[in-house]
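The values are calculated or read from the model by the stated rules, or taken from the named source; none is laboratory data. Small disclaimer: the values here were computed from a predicted structure and weren't measured. Don't worry about glycine lacking a Cβ; one is built from the backbone with ideal geometry, like all the others, and counts go over all protein chains shown. Note: areas computed on protein heavy atoms with side chains; ligands, DNA, RNA excluded. Shrake-Rupley method; radii C 1.70, N 1.55, O 1.52, S 1.80 Å.
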Amino acid sequence: MSKDKVYVDGTVGLGGHSIAILEASSPSGILYGFEWNENSFKIAQERLKKFKDRVKLFNKNFISIKEVLQKEGVLADGILLDLGISSFLLEHSKRGFSFQKNEILDMRINYSIKLTAKDILNTYDYQKLAQIFKKGEVPKAEKFAKFICEKRKKQSFETTNDLVKAIKEFFKTSKKNLLAIIFQSLRIEVNKELENLEIALKNLPEVLKPFGRILIISFHSLEDRIVKNAFKHNPKIKILTKKPVTPSLEEIKRNPKARSAKMRVGERL
Ligand SMILES: C[S@@+](CC[C@H](N)C(=O)[O-])C[C@H]1O[C@@H](n2cnc3c(N)ncnc32)[C@H](O)[C@@H]1O
């Protein structure tokens, strides 16, 4: 990684990648960091303080990267998006992201988002719910949506346990994979994750320098498909990874959460 360059981390989280970028581009590389979640942002701010004016952090959605960089009058040499949510949000946010914790079914990455997961489960009509589950590749999406609509007539959905119970009752199983994709499908809807990714992929090549690179790490096929197609259909992008790069067995052993990661890289023409 060269010096005197401008990098963007669109998903700072607690700052792991940002710190690595700042260290590798020392002493003069500049990092613009974006983190939408309020609590992660505060922690990252503390952790990145030592890099002083080499880092500019924004508690914003990564769809605003283009606007911010244009306002600052800079183009980027490299842009990174490490999609999804972090272990920190799953384990400590108390926003109901995990089926393994009994919490209020909120799932908003940022509190300015209007609808929570429980609002969606309790108010969306059957067709809209079925669409969310279908989009999230949940099996028996239509029938499950109908089941949710029947259940909520008796008692509204409030907590993650309420949803877990309904899943177990309908599917007659509590397989982790199934729980994970149903929770994921709701999280994607609450935070408009696929829409945000599409907007970002359209805008980001415009704020890259020639030969600047955009690197996206995704964790499920819905995201990876969007990244693959966006790169393929953007005439300003040369694809550097014909196939997505996946973690080695050794890396998966060290960090099992990386097992489904897929990385694609494009270069600005
Ligand atoms: C997988 S984690 C990133 C971890 C980070 N790379 C690190 O090294 O710690 C994804 C992060 O992106 C944030 N995020 C999700 N959607 C976002 C969006 N649209 N804009 C900005 N941040 C977002 C989440 O809050 C989460 O902290």
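Couple of notes before you dig in:
- Relative to the compact-globule estimate of 2.2 N^0.38 Å, the Cα radius of gyration of segment 114-190 comes out at 0.96.
- Between Asp224, Asp82, Asp53, the GNM of the chain built on Cα springs shorter than 10 angstrom shows Asp53 fluctuating the most.
- Built amide H within the under 5 Å cut-off of Leu240, gap 5+: Val265, Gly266, Glu267
- Put a plus charge on the Cβ of each Lys and Arg, a minus charge on the Cβ of each Asp and Glu, and nothing anywhere else: the dipole of segment 114-190 about its Cα centre is then about 200 debye.
- Nearest-10 value in Å² for the accessible area of Arg213, using the 1.4 Å probe: 120
- Value of relative contact order over the chain, rounded to a whole percent, pairs C-alpha under 8 Å and six or more apart: 17
- Heavy-atom accessible surface of segment 114-190: percent carbon and sulfur, 1.4 Å: 50
- Of Lys42/Lys135; Lys140/Lys242; Lys5/Lys49; Lys50/Lys238, those spanning more than 30 Å from alpha-carbon to alpha-carbon: Lys42/Lys135; Lys140/Lys242; Lys50/Lys238
- Taking all protein chains into account, the per residue accessible area for segment 114-190 stands at 55 Å² (1.4 Å probe).
- Over segment 165-210: Rg over Rh, Cα atoms, Kirkwood Rh: 1.31
- Extension gain from Arg225 to Lys175, taking 0.36 nm per residue of separation minus the Cα-Cα distance: 15.5 nm
- Cα-only Debye scattering, the chain: base-10 log of I(q)/I(0) at q = 0.09, 0.15, 0.17 Å⁻¹: -0.45, -1.13, -1.35
- Counting only Cβ charges, +1 for Lys and Arg and -1 for Asp and Glu, the dipole size of the chain around its Cα centre is about 620 debye.
- Alpha-carbon centroids, segment 214-269 and segment 154-173: separation in whole Å: 34
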